[in-house]
Structures are given as C-alpha cells and as structure tokens.
Amino acid sequence: MNSDSFDSPKDLEEPALVPVWKRTVAFAMDMILLVVLLQSLIHILPNAYPDHVKKEFNQLIIDASLLSQDEQADLYRTTDFLENAQLSEQTYEMLMKMIFFACLLPATYFFISELFFRGQTLGKATLRLRIASVRNDLPLSPLRLFARAVLKGLSALSLMSPFFIPGLVNFIFCFFNRKKRCLHDLAGASITISSQENSI
C-alpha cells in the first residue's frame, strides 16, 4: 500500500521527519494523562447521585469485570449485558452521561492543547515536538485541528477499550506513507515536527 498520493504536490521544503518511536512515547504520555482523567470521571460523577445509584453502578462494574475478554469485545453481548442489568433510570442516565463525557474528553484535550499551545500536547511539549501544517499555503485552521482532534481522540479511546482495532488502524497507517502521517494527520492536513523547527 502506498499513500504518497495523500501528500500534496504543493508541499515545499520539508522539515526533518520525527522518529516514530518519539511520537509514540509522546502519545503514551498523553494516554497516561487521559486514563487518569477518565478514572477521575468514573470516581467523581457518581458522587452527584444518591447512594443507591452509586451502589448499583459499583455492582455493574464488578459484574462487567467478570465477563470474559471475548464477551467484552463482542458489541452484541455487551449490549445484552447492559439490557439484562436492569438498571434504574437514574443509574442508566448517569451511565449515558459518563459515556458522553468519556467520548468528549480525549478530543477536547487534543483540540484545546493543539489550538492554544502552539500545536503541543503535554506529551509533545515534553519531547519538544509540535504539529504544523503540511503545506506553507494552508495554515492549521481551528476546523482542521478539530477534525484532527476528534479522530485522534476517538482512536485513543478505542485503544483503551476491547474495540481497539479502529484506533490501531489510525496509528499503524503512518507506516504506509512517506511522511509517516496517521489518519488524524491527514484529517488535519498536519505533520509532527520538532518544536525547534521553524513554522511551515
């Protein structure tokens, strides 16, 4: 598979490519932060509900942990498990809010970090990396950063779940094109460079 066709012919002088291992370490640091934030969400949100809701939710977590890996990875079985759990309306409402915020959090983290901190998340800043536009004549607009953040955020969330294949495909894609760009890089018309490089 060759995806050089994704790379615009208008690209001018190219910065040095950042090694994939360095990008992976930066992403791993971001993932650790996201896991901490998601765990905090799981512990904080139930406190806004009555005790019986917290008790029911904790029991749901225990029951879910008893499912085999095959059952957890099977969307039909997972849905069936939730339907048979006979959750109260309040617990179900809390669970839906938790899922909503869990989906929103990674994309929001990447979007705000890369929009307001010169294309850097905490992981990228630590390793002196940042994102930049792949083309001189096409600056990184908020819309492109948003598209990038949504795809990268959902991929990160996917990697934390039994349904990790879509997230894996996004990141493995960088091995099949000359500029080592993941699918979220293509969505944002972006490339990862050293933060010591001049803006492109």
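Filtered by the rule that a residue be more than 16 Å from ALA107 (Cα to Cα) and assigned to a helix (DSSP H, G or I), region 40-54 gives SER40, ILE42, HIS43, ILE44, LEU45, PRO46, ASN47, ALA48, ASP51, HIS52, VAL53, LYS54.
The lone criterion from (1) within 19 Å of LEU34 (Cβ to Cβ); (2) open to solvent by less than 60 Å² (accessible area, probe 1.4 Å); (3) charged (D, E, K, R) left unmet by LYS179 is number (1). The sole residue among SER199, SER133 that is surrounded by 15 or more Cβ atoms within 10 Å (Cβ to Cβ) and at pLDDT below 95 is SER133. Residue pairs whose Cβ atoms lie under 7 Å apart, sitting 6 or more positions apart in sequence or on different chains, and linking a residue in region 14-37 that is over 16 Å from ARG181 (Cβ atoms) to a partner that is assigned to a helix (DSSP H, G or I) and β-branched (Val, Ile, Thr), are MET29/THR126. Each residue in region 25-38 was checked for being open to solvent by 50 Å² or more (accessible area, probe 1.4 Å) and more than 12 Å from PHE101 (Cα to Cα), and 6 pass. The residues of region 111-130 that are assigned to a helix (DSSP H, G or I) and of a type in the set (S, T, N, Q), listed by number, are SER113, THR126. Is it the case that some residue within region 84-97 is within 30 Å of CYS174 (Cα to Cα), out of contact with any strand residue (DSSP E or B) (no Cβ under 8 Å at 6 or more places or on another chain), at pLDDT 85 or above and exposed (fewer than 15 other Cβ atoms within 10 Å of the Cβ)? No: region 84-97 contains no residue that is within 30 Å of CYS174 (Cα to Cα), out of contact with any strand residue (DSSP E or B) (no Cβ under 8 Å at 6 or more places or on another chain), at pLDDT 85 or above and exposed (fewer than 15 other Cβ atoms within 10 Å of the Cβ).
The single condition from (1) assigned to a loop (DSSP other than H, G, I, E, B); (2) open to solvent by less than 40 Å² (accessible area, probe 1.4 Å) that ALA149 fails is (1).
The values are calculated or read from the model by the stated rules, or taken from the named source; none is laboratory data. Remember, it's a predicted structure, so these values are computed and weren't measured experimentally. No Cβ is skipped: glycine too gets one built from the backbone with ideal geometry, and neighbour counts run over all protein chains shown. Areas reflect the complete protein model, heavy atoms only, side chains present, ligands, DNA and RNA absent. Shrake-Rupley method; radii C 1.70, N 1.55, O 1.52, S 1.80 Å.
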